[in-house]
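Please read the structure below before turning to the comments.
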Amino acid sequence: MKPRLLLSSIVIVGFLLRVLFINSSPPALYGDELTITLDVYSIVKTGHDQLGNFLPLTFHMSAGRPAGYVYGSIPLVAIFGPTAIGVRALSILSGIGIITLLYLLGRKLFSEKIGLLAAVIGAVSPWEISLSRGGFETHFALFLALLGTYLFVLARQKPLLYIFSALSFGLTLHTYLTYKVAILLFLPLLLWYQNGFKELVGKDKKYFLAGTIVFVILVGLSFSQTFLAGSENRFFNINIFSQSSIKDTIEQKINFERQITKLPQPLARFFYNKPVEYTKVFIENYSQNFSIDFLVLHGDRNPRHNMATVGEIYFVELVLIFIGLATFWYRQRRTIIFLVFWLLLAPIPTAIVDTPHALRSAFMLPSLIFLSAAGLVTVLNYRNKLLPMLVLLFFIIQFTFFIQKLYFLAPKEYSNFWSYPAKLASEMAANNKDRYDWVILSDRIDNIEFAYPTYAKIDPDIIISQNKKRTLLNSSEFKKFDNVYIGYIPESQIENFINLLEGSVLYVGSAEDGRFLNNPELIDGLDDLKALVLEKKNP
């Protein structure tokens with residue numbers, strides 16, 4: 001079969017795995033997806049984000065967000081509306097693009113056969129599929145980074161592509177926070193792989209320098225948004241140097257060790273200090289990205305990032321990686337060194353923030369896939385066909401367990417991780433608002449203030465006005481959408497608040513609110529646990 005026909009078949013299978021049941025698995029939109037949807041829909045309709053800012057480069061709702069995924073989603077939300085497929089379409093397309101780029105780059109790094117095998121592994125990768133099925137900014141960033149890498153390698157033959165490679169890498173920095181560090185670490189490695197700066201500048205000076213200028217401009221713009229516009233406030237709040245729990249633990253440990261040591265105090269300060277302790281935290285976080293637990297057994301423990309809660313790669317891939325390293329070390333040493341250092345550099349930004357994380361560590365994935373493909377081609381070329389059959393058998397077993405959990409168990413078991421109660425409450429409010437004078441949605445329902453405007457497809461102008469100025473009701477502030485009010489009521493005052501309203505009332509709160517209501521009606525979620533409570537008052 002011709003390579004293009006094979007690639008087309010691989011892409012079709014990959015597309016089906018990513019789009020199948022996309023509106024029900026995951027079962028709802030989680031917080032970041034909701035805020036992205038509202039921002040994109042608002043820009044499509046008004047040219048302003050949901051806070052009223054005109055075409056911003058940083059979106060400030062939800063602790064700051066770079067602009068890449070929002071602007072990339074504009075045509076898709078314009079087509080599909082503020083829906084699950086609308087906000088996830090860019091991630092799905094990124095997955096298809098990544099499968100294609102794995103083939104193209106694998107062909108350049110190794111051979112046609114390894115390129116096709118890399119595409120196959122990418123198409124069925126648990127890590128890749130999970131990234132494709134959520135509206136994850138990191139997935140679009142991974143596509144842009146891989147595109148930039150391929151264009152840079154290809155630019156040896158077509159120098160004009162240096163400019164487009166620089167543009168792709170630059171846009172990556174405007175899409176997801178960890179790539180601001182990862183790409184700056186990766187580019188010197190890529191430059192080395194392409195035989196260095198002097199040779200590139202000597203041969204293709206004008207295009208290379210033009211690309212450098214484009215990249216520097218985009219880097220400067222990105223970091224200006226980081227430090228001046230707050231695009232990475234979330235990063236500044238959660239990195240290991242900012243987390244109060246880590247700070248307190250380190251300070252207590254240092255003080256205790258300095259107090260009990262027999263060393264003179266000037267010497268004790270040399271051994272027991274913050275740089276030493278933070279280095280230990282960093283190394284521990286970093287090394288966990290390569291642990292069996294993260295890569296093979298459980299993966300990211302957050303079911304939102306790892307939807308089937310399985311290892312990020314198949315166990316058989318781990319074996320193939322070592323086979324690939326051993327086989328190609330003597331055949332293509334430079335390429336193997338390039339891929340190994342790519343793998344080693346990728347989790348550095350993650351280690352600064354926290355322990356292994358499928359979103360922040362996603363830049364590891366291409367190098368793992370290429371090394372797996374190198375090992376797989378070695379196995380397939382083995383004379384004894386028993387080994388390839390065993391590899392295929394182990395793969396089919398793991399793939400079957402992964403797929404059944406992804407499609408049929410995870411959507412119910414982990415529905416709360418996707419803010420399903422907020423979707424359920426929003427649908428109840430939208431379906432019943434004409435039957436009641438007042439519909440009150442408690443903000444103790446996680447992400448309800450973003451969920452209701454999204455699922456009800458509220459006019460962005462109304463959303464902007466309510467984000468700028470809340471509506472007072474019984475001396476409390478609410479977001480008001482027609483007769484639907486979203487806000488906070490102290491638990492002990494809920495019943496009194498409802499009684500003060502004239503006319504019929506539907507109150508929808510978190511299941512915990514039921515303790516403070518006279519006639520609570522509990523509603524189950526997809527996991528058969530109590531998700532919401534209703535209180536109805538008729539005039």
Residue match in region 332-341 (condition: closer than 27 Å to Ala182 by Cα and part of a loop (DSSP other than H, G, I, E, B)):
yes
Taking helices (runs of 4 or more DSSP H) that fall entirely within region 45-129, which contain at least 2 residues that are touching a Phe, Trp or Tyr at 6+ places or on another chain (Cβ under 8 Å)?
68-72, 84-109, 112-124
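Go over the candidates Leu522, Leu517, Leu500 one by one and state the one that is over 12 Å from Val439 (Cβ atoms), among the aliphatic types (A, V, I, L, M) and at pLDDT below 90.
On the way: Leu522 fails: at pLDDT below 90; Leu500 fails: at pLDDT below 90.
That would be Leu517, the only listed residue that is over 12 Å from Val439 (Cβ atoms), among the aliphatic types (A, V, I, L, M) and at pLDDT below 90.
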With the structure loaded, tell me whether Asn306 is surrounded by fewer than 16 Cβ atoms within 10 Å (Cβ to Cβ) and either polar (S, T, N, Q) or on the phi > 0 side of the Ramachandran plot (or both) or whether it fails that test.
no
Quick one: what pairs do we get from region 167-191, first residue in contact (Cβ under 8 Å) with a residue 60 or more places away in the chain, second among the acidic types (Asp, Glu), C-beta under 6 Å, 6+ apart or different chains?
Thr175/Glu137; Tyr176/Glu137; Leu177/Glu232
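Does Phe241 qualify as being assigned to a helix (DSSP H, G or I), within 28 Å of Leu184 (Cα to Cα) and out of contact with any strand residue (DSSP E or B) (no Cβ under 9 Å at 6 or more places or on another chain)?
Working: assigned to a helix (DSSP H, G or I): no; within 28 Å of Leu184 (Cα to Cα): yes; out of contact with any strand residue (DSSP E or B) (no Cβ under 9 Å at 6 or more places or on another chain): yes.
Criteria not met by Phe241.
Yes or no, residue by residue, for (1) touching a residue at least 24 places away in the same chain (Cβ under 8 Å); (2) of a type in the set (Lys, Arg); (3) out of contact with any Pro (no Cβ under 9 Å at 6 or more places or on another chain); (4) over 18 Å from Pro82 (Cβ atoms):
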| position | (1), (2), (3), (4) |
| --- | --- |
| Met428 | yes, no, yes, yes |
| Asn431 | no, no, yes, no |
| Glu449 | yes, no, yes, no |
| Ile486 | yes, no, no, no |
| Glu521 | no, no, yes, yes |
| Gly525 | yes, no, no, yes |
| Asn538 | yes, no, yes, yes |
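Among the helices (runs of 4 or more DSSP H) lying completely within region 372-471, list those that include at least 3 residues that are among the polar types (S, T, N, Q).
On the way: elements: 386-404, 410-413, 420-432, 448-455, 460-468.
Correct list: 386-404, 420-432, 460-468.
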Subset of region 332-376 (residues that are surrounded by fewer than 21 Cβ atoms within 10 Å (Cβ to Cβ) and closer than 19 Å to Val120 by Cβ):
Ser367
State which residue is surrounded by the most Cβ atoms within 10 Å (Cβ to Cβ) when the search covers only region 4-37 and only residues that are touching an Asp or Glu at 6+ places or on another chain (Cβ under 9 Å) and closer than 26 Å to Leu218 by Cα.
Ile36
Please tell me if Glu512 is out of contact with any Ser or Thr (no Cβ under 6 Å at 6 or more places or on another chain), in contact (Cβ under 8 Å) with a residue 60 or more places away in the chain and in a loop (DSSP other than H, G, I, E, B).
no
Yes or no: region 267-274 includes at least one residue that is surrounded by fewer than 19 Cβ atoms within 10 Å (Cβ to Cβ), of a type in the set (A, V, I, L, M, F, W, C) and in contact (Cβ under 8 Å) with a residue 24 or more places away in the chain.
no
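The values are calculated or read from the model by the stated rules, or taken from the named source; none is laboratory data. Because the structure is a prediction, the values reported are computed rather than measured. So basically every Cβ, Gly included, is an ideal-geometry build from the backbone, and we count neighbours across all protein chains shown.
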